Each structure stands twice: as structure tokens, then as C-alpha cells.
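The values are calculated or read from the model by the stated rules, or taken from the named source; none is laboratory data. Because the structure is predicted, anything quoted here is derived from the model rather than measured. Cβ coordinates were reconstructed from backbone atoms using ideal geometry, including for glycine residues, and neighbour counts include every protein chain displayed. All accessible areas refer to the heavy atoms of the entire protein, side chains included, with ligands and DNA or RNA removed. Shrake-Rupley method; radii C 1.70, N 1.55, O 1.52, S 1.80 Å.
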2 protein chains.
Amino acid sequence: MGDYNDGESQPEQEKRKRMSCGLEVECPADIRDCLRLSANDGFHFIVTYPVHPRFARDLLVKHPPRIISRTDRLLTSHDWNRLVVGRLTPSLNVDSEVENAARHDKALLTQELGFASHLSLPAIMLKLTHKHNMNLASILYNKLISGASYQVWVNLPMVHSSRYSPLCNDDEREDMWEWWNEFRTYCHYDKRLGLALELPEVKHLPTAKELERWVGEPVKALIIHTSLFITNQHQSFVLAKAHQDIIQKFMYLDVQYIIRGPSQGANNSYKCYWAYINFLGKKLYHVDDTTDYMQGCEDYLQNPLQPLSENLETMVYEVFEKDQIKYVEYQNAIQKALEELPSEIETPVIMVVGAGRGPLVQACLNASYILQRKIKLYAVEKNPFAISTLEDRVQNEWQGQVVLVKEDMRTYEPPEKADILVSELLGSFGDNELSPECLDGAQRFLKKTGISIPSSYTSFLAPLHSIKIYNEIRSNRLPDKTIESIYETPYVVHLVNYYQIAPAQELHRFEHPNWSEIIDNDRYGRLRFTVQQNCVLTAFVGYFETVLYKNIMLSINPKTYSKGMVSWFPIVFSMPDPIHVKEGDIIEVCFWRMQCEDRVWYQWCLESPVRTNIINPNGRSFYIKKH
Amino acid sequence: MGDYNDGESQPEQEKRKRMSCGLEVECPADIRDCLRLSANDGFHFIVTYPVHPRFARDLLVKHPPRIISRTDRLLTSHDWNRLVVGRLTPSLNVDSEVENAARHDKALLTQELGFASHLSLPAIMLKLTHKHNMNLASILYNKLISGASYQVWVNLPMVHSSRYSPLCNDDEREDMWEWWNEFRTYCHYDKRLGLALELPEVKHLPTAKELERWVGEPVKALIIHTSLFITNQHQSFVLAKAHQDIIQKFMYLDVQYIIRGPSQGANNSYKCYWAYINFLGKKLYHVDDTTDYMQGCEDYLQNPLQPLSENLETMVYEVFEKDQIKYVEYQNAIQKALEELPSEIETPVIMVVGAGRGPLVQACLNASYILQRKIKLYAVEKNPFAISTLEDRVQNEWQGQVVLVKEDMRTYEPPEKADILVSELLGSFGDNELSPECLDGAQRFLKKTGISIPSSYTSFLAPLHSIKIYNEIRSNRLPDKTIESIYETPYVVHLVNYYQIAPAQELHRFEHPNWSEIIDNDRYGRLRFTVQQNCVLTAFVGYFETVLYKNIMLSINPKTYSKGMVSWFPIVFSMPDPIHVKEGDIIEVCFWRMQCEDRVWYQWCLESPVRTNIINPNGRSFYIKKH
């Protein structure tokens, strides 16, 4: 990538993040000029006071002045709505203990909010200057509820100055996150409420875990003061490595960037700052095929697949087949298992159960070819449309080497027994697509000495802080659903805007083949997690790890993640309402896998720090059909 | 525009309709080649059988063949999902009276629908070959309800051949619309169900009113047979004027075009047909500033404004101010009224009540300037943000000629009385933004001899056939609303996909000033409409006409429409469920305007052909706040 040089020519088109960049302007003499100049410098919007301070306002007098600000006819409503973020006057304090001052400021605030609505500004930005802001929250939440169209950006430093001031004792150190959390709790986590966080000085950075918690919040903008920029050897303005690292963390949240403070650049232009931020969009954005494929799914709720009761579609097969990591590991496992089979077995029998459009069949053929060991290969698939594809591949690609069976693996009666049974029936939580039930059925045609690939899988659970997902779930309710059903349903989600409160722990495990006399696939688990810093528990997130064969594994647990694998996103089990938890608190959860004749479901409840009712009893809102 | 010439060079970029065009292909030898060739000829998609007829299928045998069709791996799922509309085998008849034949065809149909889902085709197309199709409807509706992602295009000729066949008696003539209506009624008007209508031969055109009724249906595609094309003097293939007229009518519904039949073009290429359809996108698409402004609002539900209880926003004012027709007529009316005032009145007093950002103030100043007659001008406005704009205009544009009053016109106490009271408080239904109540209050400061502009306004009502709007309304329900509230709420809509069953009739009227001792703004009306052809009553549509002064009018009633006016869309009052009405039926409706202390509402019911309960009693779902 090379060093940043202000004057460098634009490189050829590459994958990069578009960095939406705004300029904070105290009080432009002419807002049209100001917009033209900042657009020339590359900025996408400005942040300024919509109510011009020239118009002194005392609204509690008998005849208040009637001109509030510059006329709205200076810009088209389209431009007001696209180009101007409105700052509220920072000196207003509706939570003042001086009653008259509070009343005075409330009148002014109401006027400013009204004017922001009048102009249809896309967002307003306000600064919290003290800890408790219930009156401010009360006024703003009322506006949001009565249909205000703007977003509200709460401007805060990442770290409060009391944290590093020599004048403060330990018990006087403020946590900015607490200010924010109190404020947004009053507003019921409204999704129009976001953060505009100030990048701190290098010597006052937040801790790593604090930063992670901020990444789990709805950060809409990062405010970068011009004084943070340093000059490099080309005499260009750049940011320190520590700042770049922070920006990189927020980049995936699609934040916007706001330049604040006086320009140190030539002719007081701000172009140098914009150019550098734009450059970071290329330098820091690491995109590979994986991220490419996941784009657009960020924090998007998907219903878990039900491949037993519904036929998968071409589109789903195609996505699975693109995951090279997964099939490479499968092929390794098959090869190793085949290699270790006793040489007395002349032609080992391998059965792929749930063959889909054939990627595991191909992996078996590859392994056989590599080892130059002949195999007899069965492909069992119940989906008639996938069978049609397999038949075509048998005829045109596989020279008739595969025996196709169009049946459900749980009822198929094979002519012989298998040495190796290969399947890929795992969901995001391991067993949630009923792999245990399917393989328990299919092992009828596995030799007693036979091998199942996978040989085991384990479900993991961790407590989650994600207001974003909480809001996605509560806005996901269809008119014909009950209120319970919205949070009793688990979702598969590519998590981005979240903070994992503690490392995931093992919940339950299944092993195959399972020759027990009575097979019981019900499970019950109880896990305890220690909270590392104050945050909000909104859900639990589920992962799985699987042992395909001996040391060959696949995992979506962050700790052991199979890098580059894209087939599975985590699964999220919600809490009805967010629960504020504190550093040192114990989060204890009970979790069940249960079943009856025709379905399997999960149910769960919190034991600590508060006890909740059991969620999804009897699978009333969500279950997995066995047929 | 000039004559169409196949070889003409592409003209410069102009406003035109993008004509999405598909090619029907019976049975391509290689679907990839076929897609490449048709794309080269300009086509956006193909229509073909997904199940290849090469694979004969009898599914009721013990071991049915396993290959259904060409393999799904020929195309990516993205291409299947974008480029291929699947035709169902037309010979299938699941409504056959021969039980075995019906069972056999049902198995094949189920397989074809399953394969269409498997491929994620965007749409399937099926042809109705006889009148009653309850079994076909039953199978398809089940699929739609269980989450099929495809659209269903029902292929029909616009006019059944029995209509012009010399072999048929009058009582044997089939109405294709009835076939369609029966089919979609079984499917509860599902919005994924659309029409693919065949353009008829010139000698078998539908009547004008039949055509209008088709325009009111969810037509997704027009099928144009190559045999309909004729050659012009340039030896290019073109369509007759009658066909162009039909295409023009459907163009605004965003239909797609499908070319069917053998090519008569050079090298059997279909490019000539595509080129001509593309040319029609320019020739027939009449776009002016008006249509431009309305684009994107087609059939979109808007809540009526409530300017009394909520301040209007810059964006709304700006849209209003763009309507030149309206303000020209207002200025004419003001000028005429001013001209006719007795010359004894030295300086006539004009008051604009509800001045907004000042367009009517400007109109008054213009009239005064044109007549060179001095006036005293008051502008009364309650919205503080609009007042701020007005104040700016008074200072910077109007040289202090206007007295600004920041008050509600219903309570303002003026220092003198007006000769002319000018207002624009009308909604889509005339009185629905409470113009009567406002002007009754404001006339306190009008001289007894004074003039109100507008001097009267009249609401009109007409029965409406629009399944599109019916579906928009029923899918508009928020989780916190009752089922009733969805259809008891009126919406303002730019109607496009609709058929007006009968001409609008006058419902009620208001006149100003109203010097009656007791003013009663409640209204009750009862209207009778005669149905001109079988169709479906889904709602009533409301319009208004207003007399500004003497012969100067504004109207959104289609019969008297003020051409070029864009400020108002019609208002729609729904029925709970569609009602099939027949030619000659009487539609009778009762309609009330009612009020209490703090609100005004409408309620309505149908008297004939069936009686319904009263809809929106007590304004329970929708009302207009007085404060």
C-alpha cells in the first residue's frame, strides 16, 4: 500500500470502503457558500447550528422575536434533508436545577427541535455535558415517538476527562458508556438514537474491552479533531497508528466521519483531512471473497433452515458449495478415515447421506483418487430436484461411479453396510437441523466398526450485548404473530454491531455413531458467565464446533474459528428485554433441547442476575419439524 | 419524433420509459446459448419451460424417472432468479373431469412448481384454457401461502375467441375478465398473482371500457405475437396505431413485454422486435414536469395531512409552491375580486389566512401591482417556522408591504376587517383539512360585503375497482393497529392501477362566507351509481372542485381536472372486502361528515348491492383533530 502522500495520484479502482465524511462548521456566514466549499473539499455533509446564534432568543417574553434563523428558502428541502446535520445549542440545559433556567432552555430546545423537523434534517447532534439527562431524554423521546424523522446523534468523548485527570479520585472517575446507557434506556433503545463518538487523544485511549463495548453500540459517527492529526515525512496530515486501529474497528459499522476544529492545512482548507480519511477507506478495509460474500447480511435476521421438512433451493446449495474451507476439511477427514481403514476391506463402502448437489460426493471421489484406493460410493438424497442434478453429474461428470438413492436416510434399506458415513447436516448450533435424529436413523446401515464423519459436534453459548439485534427483532413482528413469538424465535445472524459479554462455553455434545441401547437426544445445560464490565444483556449467541475425524475440526466459535469458512453465521436466542448487568455479576442461564413425536425445540431461561420465566415452552413459538 | 426506422441511429438521451422485454422460447437446445443470443438482441429475460419436454414424465409409476430437466448447474442461481420466467406445461389440466387424468397432471404440476421453487425463478406463467380452475387455484394458492417466492403470471388473451367467432351465439360469448376474476378470487387477490395479457389482433380489439378494466388489473406483462407486426415504408417491423394505443395505456403500470412466435426478421433474429418496443418507450411516453414530480408515488398510500394539529414541514411547503397552475388561478381570482371591489374602497384590505411560506401573499402583491391598486395586506400564519420565513421575505423581498400575524386564524383579533379573505386550506376531499371550521372562524374579520377566496368547494365520490390499492391497504397494517383500522383509514393516493366504475357524483358542498345564524358543518349524502360492466368494488374515491371566485375554478375531479395541477391526489375510502358487482347493478353508498368537540371524521356504508355495517363509527380509526 505504501506510505500516505497527500499529493499521490488516485490509484486504479480497488475494493475500498466509501468513507462518508462531514465537516463541522461553527457558524457559516453563508450556508450555501459553506456547502459549496466543503463539497469542493470532498465532504458529503456539514454539521452546524440550524438556529443561527445571531438571532438571540428569549422565548419566555411576551412577544418573542419571530425570526429564528436564516430562512429555510436558502436551500431546497432536498438539500436540507441530505447535507445538513443540525447541532443543538450546547449550552442548553433542560436538566438544570435552577427551575427558571430549565424552563427557559426547554423553550429554546423545543424550538430548535421543531425547526429541525421543519427542515427535515436527516439528523440532529447533541452533547451530553453531565451524567443525568432525564429531562432531555423525556423531551427527545416524546419527539421520536410522535414521528420525528431525524436521527438523534449523541455526542460523547470515548473517555471522560475525569479518567485521566490528576485532580480526580478513583471514585470520581466517570464512565461515558454509563451516561449513554442511562440516556438511551429512558428512550427505550430507540433505533433512531445513535452515538457520535469523539476520537480520544493517543495518551487517553480507552481500554481494549471498553473499545469492544463501544463497537457493540449504535455508533453513527466518529468525530475527529484536527489537532489529532500529525505530519508524516511527506509533510502530509495523517493519524497515529492507534487512531487508525480504532477507525478500523468502527469501519465495519458503516460509521460516518466528522472533522472538527480549525484547519492547519494550506489556505485553511480542509481537503487534506478529507483526503486522508478517504485514503484510510482503502488502507484499512480488508476485503476478501469471504467478506464480499457476506456483504449486505450484516446484522440481518435469517430464519434457521428446516431442511428436513422443506426442500432446499438451488440458491442455498450454491452458497454452501462456495465454501472451499469446509469441503477441503471434509476431504481431509474422508481421506484420513479411508487411509486408516484396515487394508482387508477391499472396496470400502462410503455413503453420503444428504448429498445435496454433490460436493461431498466429489470430496469422496477426490480422496479415493488421491489414495488410489477404490471405493463404492452411495449418495442418499431425498430432495427430488437435487437428485435430478446428481443424476446429471453421475452421467456427465462421474462416469457412473456413484449409486444414487432417492430416499430419506431414516427409512432407506441399503443392500450393504457402510464403512464410512459422511454427512453435513449441521446448523449454526450444531444439532439444530436435527443431525442427531437423522444420523441415529442412518447408522442402521453403518457397520459396527464404521466411522461417522462428523464424529461429534458441540454447541456453545455466550451472553450477548447487541441493541442492534434487539431492535431488529422487535421490529420484525408480523401482524399475525403474537408478541411472545418475536423473541422466542431464534435467528441466524451475521453479527457485526455487538459485544460478546464473556467467552462462549460448551453447552452440550452429540457423538456418532451412537450404539447406546436407548438413545436420548434431549439435553439440559446450565452455564455461568462472569461479567467483565458494565453492559446490557440482550440475548445469548450460539456456536458449534465439530470433530469431523480425529484432529480434523470445523468451528464457528470465535475462539477456534475455521478461518475463511462462510457457511454458518451464529444463532441468537433472545431475552424479552435488555438487562443491565454490572462488572462482576454472574449471568446464569438454563438451556434445554426437548422433543416430542413430531418436533424438536429449545427453551431457555435466565437464573441470574434475575430469574425470568422459561422462554419458548413447548416450542410454542419455534420448533424444528421432524418430517 | 418522426417515423420509426429500424436502422436509425440512437438519438441523444431523452426522457423515456425503460421497456423491459422478454423473448418466449419454446425449448432451447442450450439454455446458455439461448440466453446469450437473446441478450445480444436486447432482451432482458426469456420465457421458457423449465421442465424439458425431452424428459417424458409419468410420476404415477413405481419408479418414476429421476431426471426432470436440464441440470440446475447450467446457470447460477442468480441467473435463474433474474433471467428465466418458467412456463408451465400448457397441456396440464388438474381440473379435468377424468379423475385419473387430473391426478396424473396434478403430480406433474406439483413437480413443475417444486422445480420452479428449487431454481428460485422470479415468475411462472400459466395459461387458463377453460373457465373454471378451482383445482389449479387451490394448488397454486397453497404454494403462495406456504411461501413460494415466485410471481404467478396468468396468461390470457384480452378477448376470448368466442366473442368474434361466427359459430357462437350471444349467450356463449366468454368474458376473459370473468375467468381471471374467478381464479384470483379463489386466491384471495394475492398480490403475487398477475396477468400476462395477449395483445389481440386489430380486428378483435376489446371495447374501450373493457380495456379500462384491464388497466385496473395487476397486468405484469403484455404478450405480443410476431404476427401482429406490420412493415412500414422503411421496411421495418412496426405495430398498428391501435396496438400502440393499447401499449401506451399499460406503459404506466410498468408492465413487461414478451415477444412470442417465429421471427420474420433477417436471419430469424428477434432484434427488430426488441428495437421497436424500445422505440415505443420513447415515442409513447409523455413525461412533463408533472409526471416527473409524481414519479415514485404511483399507488402509494399517504396519510392525509393534519395541518391544524401538526406544523407542515419545509418539504411540504416546497411541493405546494411548485404548483404553478394553482397559484396562477389564485392570482387570477384575487385580481378579479380586487378589480370588482367598489372604487370607494381606497385601500382594500386583503388577509391571507394560513399564509405558509407566502405563495398567496406573493399572488396578492402581483395582482395589486398588475392593477396598480394599492392594498393593505395581512398574512396570518400559526406555524412559527413558516413565520420565520415570512419575516425574512417581508424584510428582503416585500419591502415591508405585509403585516405579519403569528396567530391561529380562529382566535386572531384584527385591528380592522378585510375586504378579501384568501386561503388555501383544501384537502383532497375539499373539506378534509377542516377548511370549513377554519374559515367559519376567520370570517369574523371579513366585512359583511367581503369576499372569500375560495367561495365554495364541493366533494365528489365515485366507486373504485383497484385490487392494487386493496392489497396495499391490507399489507399496510402495523403490529399495534387493529384489523379494522386498516380499512377504516382513508389514504391519499396517486391512483394508477385502477378502474373507476362510474363517473363521480357530487356529495356535499361548503360555501364561504357563511352568515347563517347557526353553522352546521355536518353533512350526510347518499349516492347511487350504475355499474357499466362486471367488476369488483374495492373502495370509493373522493375528489373536490372549488370555485375560487365566480368562474375561476380548480378541480381534481377527472371530468373537470385542472390540467397540470399537481398539489392533490385523490382520497380513497375502503371497503372491508372486495365486492363483485355486475353490469346494471346499483351501487348505493351513504356517507357522513360528523364531528364532536375536538375532532371531525367521516363514516360510510354500502346500501346496495349489499348492505355493510357503518365503517369508522365515531371516527374510531381515523379522525381529523381540531386543535
Inset, instruction - From (1) over 27 Å from B:ALA502 (Cβ atoms); (2) modelled with pLDDT of 95 or more; (3) not hydrophobic (A, V, I, L, M, F, W, C), pick out the condition that doesn't hold for B:GLN603. - result: (1)
Legend entry - Breaking point among (1) within 23 Å of A:SER69 (Cβ to Cβ); (2) away from chain A (no Cβ under 14 Å), for B:GLU344: (1)
Legend entry - Residues that are in a loop (DSSP other than H, G, I, E, B) and closer than 22 Å to B:THR489 by Cα, drawn from the range B:539-557: B:ILE556, B:ASN557
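Looking at A:GLN306, A:GLN248 in this structure, which one is part of a loop (DSSP other than H, G, I, E, B) and polar (S, T, N, Q)? Explain how you work it out, then say what you get.
Numbers: A:GLN248 fails: part of a loop (DSSP other than H, G, I, E, B).
From the options A:GLN306, A:GLN248, the qualifying one is A:GLN306.
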Legend entry - Cross-chain or 6+ apart pairs with Cβ under 8 Å, the range A:282-295 first and closer than 10 Å to A:LYS15 by Cα and in a helix (DSSP H, G or I), then modelled with pLDDT of 65 or more and open to solvent by 60 Å² or more (accessible area, probe 1.4 Å): A:LYS282/A:ARG16; A:ASP292/A:LYS15
Legend entry - the range A:82-115, subset within 14 Å of another protein chain (Cβ to nearest Cβ) and of a type in the set (D, E, K, R), residue nearest to A:PHE183 (Cα to Cα): A:GLU112
Inset, instruction - Note down all Cβ pairs under 8 Å where the first residue falls in the range B:240-263 and is of a type in the set (S, T, N, Q), the second is open to solvent by 50 Å² or more (accessible area, probe 1.4 Å), and they're at least six residues apart or on different chains. - result: B:GLN244/B:LYS283; B:GLN256/B:HIS44; B:GLN256/B:LYS220
Inset, instruction - Among residues belonging to the range B:92-107 that are crowded, with 19+ Cβ neighbours inside 10 Å and closer than 22 Å to B:GLY147 by Cβ, point out the one that is nearest to the chain's Cα centre (by Cα). - result: B:VAL94
Inset, instruction - List every residue pair whose Cβ atoms lie under 6 Å apart, where the two residues are 6 or more positions apart in sequence or sit on different chains, the first residue falls within the range B:475-498 and is over 29 Å from B:TYR252 (Cβ atoms), and the second residue, located anywhere, is charged (D, E, K, R). - result: B:PRO479/A:ARG477
Legend entry - Positions within the range A:16-31 being under 24 Å from A:LYS282 (Cβ atoms), in a loop (DSSP other than H, G, I, E, B) and touching a His at 6+ places or on another chain (Cβ under 8 Å), in sequence order: A:SER20
Legend entry - Residue check for A:MET565: of a type in the set (A, V, I, L, M, F, W, C), in the same structural domain as A:HIS508 (by TED's automatic domain parsing) and open to solvent by 50 Å² or more (accessible area, probe 1.4 Å): no
Legend entry - Only listed residue being closer than 28 Å to B:ASN311 by Cβ and either assigned to a helix (DSSP H, G or I) or among the aliphatic types (A, V, I, L, M) (or both), chosen from B:GLN362, B:GLN335: B:GLN362
Inset, instruction - Would you mind stating whether B:ILE614 is surrounded by fewer than 17 Cβ atoms within 10 Å (Cβ to Cβ), within 30 Å of B:HIS188 (Cβ to Cβ) and among the aliphatic types (A, V, I, L, M)? - result: yes
Inset, instruction - Pull up the range B:511-559, narrow it to residues that are within 30 Å of B:ALA442 (Cα to Cα), open to solvent by 10 Å² or more (accessible area, probe 1.4 Å) and hydroxyl-bearing (Ser, Thr, Tyr), then point me to the one that is farthest from the chain's Cα centre (by Cα). - result: B:SER516
Inset, instruction - Go through the range A:338-359 and give me each residue that's more than 23 Å from A:LYS406 (Cα to Cα) and outside any loop (DSSP other than H, G, I, E, B). - result: A:LEU338, A:GLU339, A:GLU340
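If I go through the range A:149-182 residue by residue, how many of them are in a helix (DSSP H, G or I) and among the small types (Gly, Ala, Ser)? Break it down into steps so the answer makes sense when it comes.
Quick first cut of the range A:149-182, residues in a helix (DSSP H, G or I) only: A:161-163, A:170-172, A:176-182.
Now narrow it down to the ones that are among the small types (Gly, Ala, Ser): A:161-162.
So the answer is 2.
Specify which of the listed residues (A:LYS447, A:LYS481) is within 22 Å of A:ALA333 (Cα to Cα) and open to solvent by 30 Å² or more (accessible area, probe 1.4 Å). Outline the logic, then answer.
Numbers: A:LYS481 fails: within 22 Å of A:ALA333 (Cα to Cα).
Selected residue: A:LYS447, the only one of A:LYS447, A:LYS481 that is within 22 Å of A:ALA333 (Cα to Cα) and open to solvent by 30 Å² or more (accessible area, probe 1.4 Å).
Quick check on my filter: what residues within the range B:217-245 are of a type outside the set (Val, Ile, Thr) and closer than 25 Å to B:TYR498 by Cβ? Break it down stepwise before answering.
Step one: filter the range B:217-245 for residues of a type outside the set (Val, Ile, Thr), giving B:217-218, B:220-222, B:225, B:227-229, B:232-237, B:239-245.
The answer is B:GLU217, B:PRO218, B:LYS220, B:ALA221, B:LEU222, B:ALA242, B:HIS243, B:GLN244, B:ASP245.
Results for (1) of a type in the set (Lys, Arg); (2) touching a Gly at 6+ places or on another chain (Cβ under 9 Å); (3) farther than 30 Å from B:PRO578 by Cβ, shown as yes or no for each residue.
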site: B:GLY354; (1), (2), (3): no, no, yes
site: B:SER368; (1), (2), (3): no, no, yes
site: B:SER388; (1), (2), (3): no, no, yes
site: B:MET409; (1), (2), (3): no, yes, yes
site: B:PRO414; (1), (2), (3): no, no, yes
site: B:LYS417; (1), (2), (3): yes, yes, yes
site: B:LEU434; (1), (2), (3): no, yes, yes
site: B:SER456; (1), (2), (3): no, no, yes
site: B:HIS465; (1), (2), (3): no, yes, no
Legend entry - Which numbered condition B:SER38 misses (of (1) open to solvent by less than 30 Å² (accessible area, probe 1.4 Å); (2) over 23 Å from A:GLY356 (Cα atoms); (3) part of a loop (DSSP other than H, G, I, E, B)): (3)
Inset, instruction - Scan the range B:368-417 for residues that are assigned to a loop (DSSP other than H, G, I, E, B) and over 25 Å from B:LYS447 (Cα atoms) and jot them down. - result: B:ASN383, B:GLU397, B:TRP398, B:GLN399
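Kindly indicate whether A:ILE370 is closer than 21 Å to A:GLN399 by Cα, surrounded by fewer than 23 Cβ atoms within 10 Å (Cβ to Cβ) and away from every other protein chain (no Cβ under 14 Å). So that I can check it myself, show each step before the final result.
Working: closer than 21 Å to A:GLN399 by Cα: yes; surrounded by fewer than 23 Cβ atoms within 10 Å (Cβ to Cβ): yes; away from every other protein chain (no Cβ under 14 Å): yes.
It is true that A:ILE370 is closer than 21 Å to A:GLN399 by Cα, surrounded by fewer than 23 Cβ atoms within 10 Å (Cβ to Cβ) and away from every other protein chain (no Cβ under 14 Å).
Of all residues in the range A:209-237, which are assigned to a strand (DSSP E or B) and open to solvent by 20 Å² or more (accessible area, probe 1.4 Å)?
Our first condition is that a residue be assigned to a strand (DSSP E or B); within the range A:209-237, this holds for A:219-225, A:230-231, A:237.
Those that are assigned to a strand (DSSP E or B) and open to solvent by 20 Å² or more (accessible area, probe 1.4 Å): A:LYS220, A:HIS225, A:ILE230, A:THR231, A:PHE237.
Can you name every residue in the range B:210-250 that is of a type outside the set (Gly, Ala, Ser), within 18 Å of B:TRP177 (Cβ to Cβ) and either at pLDDT below 95 or within 17 Å of the chain's Cα centre (by Cα) (or both)?
Filtering the range B:210-250 down to residues of a type outside the set (Gly, Ala, Ser) leaves B:210-215, B:217-220, B:222-226, B:228-235, B:237-239, B:241, B:243-250.
Now narrow it down to the ones that are within 18 Å of B:TRP177 (Cβ to Cβ): B:210-215, B:217-220, B:222-223, B:246, B:249-250.
Answer for the range B:210-250, where residues must be of a type outside the set (Gly, Ala, Ser), within 18 Å of B:TRP177 (Cβ to Cβ) and either at pLDDT below 95 or within 17 Å of the chain's Cα centre (by Cα) (or both): B:LEU211, B:GLU212, B:ARG213, B:TRP214, B:VAL215, B:GLU217, B:PRO218, B:VAL219, B:LYS220, B:LYS249, B:PHE250.
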Legend entry - A:LEU301 vs. criteria open to solvent by 20 Å² or more (accessible area, probe 1.4 Å), aliphatic (A, V, I, L, M) and closer than 30 Å to A:SER466 by Cβ: yes
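Applying the selection to the range B:387-403, what residues are open to solvent by 20 Å² or more (accessible area, probe 1.4 Å) and more than 7 Å from every other protein chain (Cβ to nearest Cβ)?
First, the residues of the range B:387-403 that are open to solvent by 20 Å² or more (accessible area, probe 1.4 Å): B:391-392, B:395-397, B:399-401, B:403.
Listed by number, the residues that qualify are B:GLN395, B:ASN396, B:GLU397, B:GLN399, B:GLY400, B:GLN401, B:VAL403.
Among B:PRO359, B:PRO307, which is open to solvent by 10 Å² or more (accessible area, probe 1.4 Å), touching a Phe, Trp or Tyr at 6+ places or on another chain (Cβ under 8 Å) and not polar (S, T, N, Q)? Full working, then the answer.
Details: B:PRO307 fails: touching a Phe, Trp or Tyr at 6+ places or on another chain (Cβ under 8 Å).
Answer to the check: B:PRO359.
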Legend entry - Check on B:GLU583, touching an Asp or Glu at 6+ places or on another chain (Cβ under 9 Å), among the acidic types (Asp, Glu), surrounded by fewer than 22 Cβ atoms within 10 Å (Cβ to Cβ) and over 30 Å from B:PHE445 (Cβ atoms): no
